[in-house]
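Notes follow once the structure below has been shown.
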Amino acid sequence: MTGPIGYDDLRADTVVQVAKLMAASAITAPKSGGQLFLAGKHNFMETVIVEPADTRHRLAEWMRARGKERREAIWFRDADVAEAIDAVLFVATCAEFLHATKPLRDDSADLEFVGPTCNLRDVDLGIAVGSAAKTAAIHSIDCRCQTRIAVAARKLGLIRADIAVALSLSLTHKAVGFDRRIAEVDVDTLDYPPTGTLPVGVEGGERYGGVRNRQQPRSPIRESGTT
């Protein structure tokens, strides 16, 4: 590019470049089972960068639909954040013991994240996310770690792994992911299709002014002393 480079020109490119460095930090972060790599096993840490506005809008709309069925306003806040940021890095991990737990995992397929998961890989994921966030800080890119948008990415097929954390990234004078107020939402007036995800909210189960909501159990709750 020739000539002056203004804020609008450098914003998206800079964030994506830093997201790539963050992905490198996540991949090279210390992990358990390093000998597996030396033995020729594949990389078990998945990193995906999403920048296009239309894809972030798809993520936001899924979260709004999820917020409606969970009856929780906090999902709508995170949906607004997804459309306001410049890019998002997903860091995910998949365990290698899945074949032994397939019946349990099939039974949890409708949940936001599938389980059970390998504790060692969960620890690895936390270390990788921390390493990626460190890289964002080094390069002065605002970063917030989130899980709801990671659920959306998993359900929309943007990532393949069963558990993930998203790092929402922006280059603005005020971090868009922090201090964002949660607006009042009347979920009963909204028209969103079901996401096919469990659990779903109980009508009248609002907590903290509608930010959270009691969720329906997957199975009937038994009274004490019954079988």
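The values are calculated or read from the model by the stated rules, or taken from the named source; none is laboratory data. What you see is a predicted model, and the numbers here were worked out from it, not measured in a lab. So basically every Cβ, Gly included, is an ideal-geometry build from the backbone, and we count neighbours across all protein chains shown. Each accessible area value is taken on the protein alone, full model and side chains, heavy atoms only, with ligands, DNA and RNA left out. Shrake-Rupley method; radii C 1.70, N 1.55, O 1.52, S 1.80 Å.
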Report summary line: Expected max-MSF residue from H173, H57, H139 in the GNM of the chain (alpha carbon, under 10 Å) is H173
**Report entry** Neighbour-limited loop hits for trypsin sites (Lys or Arg not before Pro), the stretch 68-162 (at most 12 other Cβ within 10 Å; DSSP other than H, G, I, E, B)
**Finding:** R160
Query raised in the report: Considering only protein heavy atoms, what per residue accessible area in square angstrom results for the chain with a 1.4 angstrom probe?
Result: 55
Query raised in the report: Taking amide hydrogens as modeled 1.01 Å from N in the peptide plane, which residues meet the under 5 Å criterion relative to V200, leaving out close sequence neighbours?
Result: Q216
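Using a/c under 1.5 as the rounded threshold, could you call the stretch 100-198 rounded, prolate or oblate? The axes a ≥ b ≥ c are square roots of the C-alpha gyration tensor eigenvalues, and prolate needs a/b larger than b/c, oblate otherwise.
Here the stretch 100-198 falls in the oblate category.
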Query - For the chain, size of Cβ-based charge dipole, Lys and Arg +1, Asp and Glu -1, in debye - result: 560
**Report entry** Too-long pairs where the Cα-Cα distance tops 30 Å, listed order kept, from K102/K155; K134/K155; K31/K102; K31/K68; K20/K155
**Finding:** K31/K68
Report summary line: Residues meeting the amide H criterion for N213 (H placed from the backbone, H to H distance under 5 Å, 5 or more places apart or on another chain) are R207
Report summary line: GNM on the chain, Cα springs under 10 Å; top mean-square fluctuation among S131, S140, S170 goes to S140
Query raised in the report: Just D142, D107, D122 to compare: in a GNM of the chain, with alpha carbon springs under 10 Å, which one fluctuates most?
Result: D107
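How large, in percent, is the carbon and sulfur part of the accessible surface of the chain at a probe radius of 1.4 Å? Mind showing how you got there, number by number?
On the way: 6860 of 12500 Å².
Taking all protein chains in place, the chain shows 55 percent carbon and sulfur surface.
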Requested in this report: Using only C-alpha positions, report the orientation-averaged shadow area of the convex hull of the chain, nm², one decimal.
Outcome: 16.5
